[in-house]
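Step one of this worksheet: look at the structure below.
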Amino acid sequence: MDQDSIPPAKRRIFLLTLLGGVGAVLAAASGWPVWRFLSPRGDEGGAEKVQVARSMVEVGKAHFFSFRGQPAVVLQTSAGSFSAFGAVCTHLGCIVKWVPEKGEFLCPCHAGRFSTEGAVLGGPPPKPLESIPVAIEGDQLFVG
């Protein structure tokens with residue numbers, strides 16, 4: 001088939017349609033992460049109270065678990081003294097880790113540091129870790 005048999009106007013329309021489709025796909029692919037970042041988070045559900053065995057949390061150690069669909073941590077700072085926090089850094093949302101040698105939480109993304117009370121010790125986090133109430137009933141901890 002001869003290339004001149006397709007009129008230039010039809011070729012132009014085809015190419016513009018193809019280019020528009022590719023552009024729309026690229027715009028959607030790059031816009032989706034931005035939209036998800038800027039949109040408010042919905043309630044992800046999860047248990048309102050989480051039960052953790054006291055034996056899971058030794059003195060000076062931390063136990064990570066899921067609370068309301070987000071990572072959380074319970075810590076026994078001294079015998080019988082428990083505290084719980086959301087394990088999401090208040091800077092950019094990275095998950096903090098417990099550093100028992102220093103007795104503090106560390107955000108691996110930008111070196112944010114938090115005390116055993118959740119207070120900011122250093123780095124870029126603008127506010128402390130979210131505190132979660134802890135109740136002790138026998139051999140169980142009820143977080144939430």
Only unsatisfied item for F105, checking (1) assigned to a strand (DSSP E or B); (2) at pLDDT below 85, is (2)
Quick count over the stretch 93-126, residues being touching a residue at least 24 places away in the same chain (Cβ under 8 Å) and within 12 Å of the chain's Cα centre (by Cα), is 2
For V99, indicate whether it is at pLDDT 85 or above, touching a strand residue (DSSP E or B) at 6+ places or on another chain (Cβ under 9 Å) and surrounded by fewer than 18 Cβ atoms within 10 Å (Cβ to Cβ). yes
With respect to Q76, determine if the residue is surrounded by fewer than 13 Cβ atoms within 10 Å (Cβ to Cβ), of a type outside the set (G, A, S) and modelled with pLDDT under 90. no
What pairs come out if I take residues in the stretch 129-142 that are free of Cβ contacts under 8 Å to residues at least 24 places away in the same chain and pair them with residues that are in a loop (DSSP other than H, G, I, E, B) and of a type outside the set (G, A, S) whose C-beta lies under 8 Å away, six or more apart or interchain? none
Report yes if some residue within the stretch 17-26 is among the β-branched types (V, I, T) and either part of a loop (DSSP other than H, G, I, E, B) or closer than 19 Å to R113 by Cα (or both); otherwise report no. no
L121 is checked against (1) of a type outside the set (G, A, S); (2) in contact with a Lys or Arg (Cβ under 8 Å, 6 or more places away or on another chain); (3) closer than 24 Å to G144 by Cα; (4) not in a loop (DSSP other than H, G, I, E, B) and fails just one. What number does that condition carry? (3)
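The values are calculated or read from the model by the stated rules, or taken from the named source; none is laboratory data. Here the structure is a predicted model, which means the values were calculated and not measured. No Cβ is skipped: glycine too gets one built from the backbone with ideal geometry, and neighbour counts run over all protein chains shown.
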